[in-house]
Amino acid sequence: MSFQQAIAGLNAASRSLDVIGHNIANAGTTGMKSSRVEFAEVYAAAASGTNSVTGGMGVTVGSVSQQFTQGNINSTGNALDMAINGNGFFQVTMPDGSSAYTRAGNFKKDATGTIVTSSGAKLMGYPTDAKGARTSSTLQTLAVPTGTVPAKQTSAISANLTLDASAAATTSTTDLSKYSTSLTAYDAQGLKTEVGMYFQKTANNTWNVYTSVNGSAPAASTPFQLSFDASGNLTSGGTQTLTLTSPNDPTVTFPVSLDLTKVKQVASNFTVNDLTQDGYTAGQLTSLTIDDSGTLMATYSNNQTQAAGQVAMVDFRNPQGLGITDAGYWFETTASGQPLLGAPGEGIFGSIQSKALEESNVDLTAALVDMMTTQRAYQANAQTIKTQDQVLQTLVNLR
């Protein structure tokens, strides 16, 4: 009598229970992808060249394949947590210098500010300029910016104002504050330079503009003139150049362009619609965010925002051909094909959801049902052995 079929069934069921148990054990593992056992029948072929077969020889485990379906995305609030919504993997560099791939986006920073996984693998990405435009296709390790953003000297001021067409014309400079506004500019060291603008109607459709720098008397400045047409549109004087002085040293001056081309004159109260300037003081890093394209945006204490790199994405023609190792890392094999590089949201690649993690795609309910089914299969194969033993015992006891 042959026990081979039952033994093969027991081995296959045992292997299946191993895989199911592994899935259940990792139901809470970030980015984990469940596996399934794929069985195959075993037959003993007859003589070569014929199509006949003998009885089945049982079952074998054809393969254990991973299921790369999307896991649920859970919000965490942690700035460096990232979830991939769609296809792709994060590329990381292992401590030994080799490349690996992962779906687990629970990143953190090490002592040097480098963005790493829990096991110390470094996250790879693309370098960018301050606005987030990619500057190279060569991957590099991504890091949280350190240090400060240097101060920027103001070079341009823009004002959008509405002047009162019904204002009385005057040439007196005793009180220029009725129609005035001010803003803060910055010198090369980031020191605040206060700039005031004072508007005086001198005739119909004509205004003088006086300026004040660092608290100086506006009447002492040399005014420039704004002229308007009958519809209240500016016809001249909209582009000027101011000379500002550093509050730290009055002998240090710097030119600033002044754009007043959006100023209008209508029968309305004096209104300041918008005032902008392009300088700022030095700033310290206050927060880091990651957008859907995987771009790291650093925000500083001076309200400036600068990009600090972009997360790279990798995919494979055959993800199920990837090799797998501890801590949920995959590695390239000949079966997977070479990695296809890209960025989040481009082509076949999914987007990045920041402050969130992709949960394991293990369905606990289905796993428990599979476990019960596999247990029954194991019991049935054991019963086959028991029946075979009883039949064999009957033969032995024949007299």
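The values are calculated or read from the model by the stated rules, or taken from the named source; none is laboratory data. Computed from a predicted model, the values in this text were never measured in an experiment. Neighbour counts are summed over all protein chains in view; Cβ atoms, including those assigned to glycine, are modelled from backbone coordinates with ideal geometry. Ligands, DNA and RNA are stripped out before the accessible areas are found, and what is left, the full protein with its side chains, is counted by its heavy atoms. Shrake-Rupley method; radii C 1.70, N 1.55, O 1.52, S 1.80 Å.
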Over the heavy atoms of MET371, what accessible area does a 1.4 Å probe trace out, to the nearest 10 Å²?
70 Å²
Which values of log₁₀ I(q)/I(0), to two decimal places, follow from the Debye formula for segment 26-175 at q = 0.11, 0.13, 0.21 Å⁻¹ with a uniform point scatterer at every Cα?
-0.72, -0.83, -1.41
So, over other residues within a Cβ distance under 13 Å of THR114, counting Lys, Arg +1 and Asp, Glu -1, the net charge is +2
Nearest-ten-degree value, helix 364-396 long axis tilted from longest Cα axis of the chain:
10 degrees
Can you compute the label reach from VAL272? Point 7 Å from Cα along the Cβ direction, backbone N cut-off under 16 Å, restricted to segment 162-200.
162-164, 176-186, 193-200
THR112 and PHE331 label points (each 7 Å along its Cα→Cβ direction) are spaced in nm at 2.2 nm
Loop only by DSSP, 11 or fewer other Cβ within 10 Å of the Cβ. Give me the trypsin sites (Lys or Arg not before Pro) in segment 300-397 that pass, ordered by residue number.
ARG317
What pairs from LYS201/LYS262; LYS152/LYS262; LYS178/LYS264; LYS192/LYS262; LYS131/LYS262; LYS131/LYS152 go past 22 Å between their alpha carbons?
LYS152/LYS262; LYS192/LYS262; LYS131/LYS262
Report, in deg cm²/dmol and to the nearest 500, the calculated mean residue ellipticity at 222 nm for the chain, where each DSSP H run with n ≥ 4 adds -39500 (n - 2.57) and the sum is divided by the residue count.
-5000 deg cm²/dmol
Within the accessible area of the chain, what % is carbon and sulfur when the probe is 1.4 Å and the other protein chains stay in place?
49 percent
Hey, what angle do you get for helix 4-25 against the long axis of the chain, alpha-carbon based, 0 to 90 degrees rounded to 10?
20 degrees
In percent, what relative contact order does the chain have, based on Cα pairs under 8 Å that are 6 or more apart in sequence?
23 percent
On a C-alpha basis, how far is the centre of segment 133-175 from the centre of segment 180-215 in Å? Whole number, if you could?
15 Å
accessible surface per residue for the chain, probe 1.4 Å, DNA/RNA/ligands not counted, whole Å² -> 52 Å²
Note down the magnitude of the dipole of segment 138-274 about its Cα centre, charges +1 on Lys and Arg C-beta and -1 on Asp and Glu C-beta and zero elsewhere, to the nearest 20 debye.
100 debye
